[in-house]
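Written out below as structure tokens is the structure these notes cover.
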Amino acid sequence: MQVVSQKYAVSSGDFDFLAFSFAQMRSQGRHLCTEAITGNMDDDCKVLFLQRYDRYLEQIKEDVAIA
């Protein structure tokens, strides 16, 4: 018997896509409220998402500084 259905399973790839997308939007000057984005996430998902979001935001800033 499967404890968590595949429908509700979240992979790290999902967070990568979302975190990168939101980081891009933020770097383009859009105001984002991370509390609203992560409001329905459990604590583990929230931490994972925010770590990836921060990493992508830093990478984008570095890429802009190099260019």
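Answer yes if at least one residue in region 18-36 is at pLDDT below 90 and either open to solvent by less than 100 Å² (accessible area, probe 1.4 Å) or of a type in the set (Gly, Ala, Ser) (or both), and no otherwise.
If we filter region 18-36 for residues that are at pLDDT below 90, which is where we start, we get none.
No, every residue in region 18-36 fails to be at pLDDT below 90 and either open to solvent by less than 100 Å² (accessible area, probe 1.4 Å) or of a type in the set (Gly, Ala, Ser) (or both).
Contact map, region 15-43: residues that are in contact (Cβ under 8 Å) with a residue 12 or more places away in the chain and within 20 Å of VAL64 (Cα to Cα) paired with residues that are in a loop (DSSP other than H, G, I, E, B) and open to solvent by less than 80 Å² (accessible area, probe 1.4 Å), Cβ distance under 7 Å, separation 6+ or inter-chain. Pairs shown: PHE22/LEU32; ARG26/LEU32. Being open to solvent by 50 Å² or more (accessible area, probe 1.4 Å) and either modelled with pLDDT of 90 or more or of a type outside the set (Ser, Thr, Tyr) (or both) is a property that LEU57 lacks. When restricted to residues that are aliphatic (A, V, I, L, M) and touching a Lys or Arg at 6+ places or on another chain (Cβ under 7 Å), region 34-58 contains 1.
The values are calculated or read from the model by the stated rules, or taken from the named source; none is laboratory data. Worth saying up front: this structure is predicted, and the values here are computed from it rather than measured. Cβ: placed from backbone, ideal geometry, glycine included. Neighbour counts: every protein chain shown. Just the protein is used for accessible areas: all its heavy atoms, side chains included, with ligands, DNA and RNA removed. Shrake-Rupley method; radii C 1.70, N 1.55, O 1.52, S 1.80 Å.
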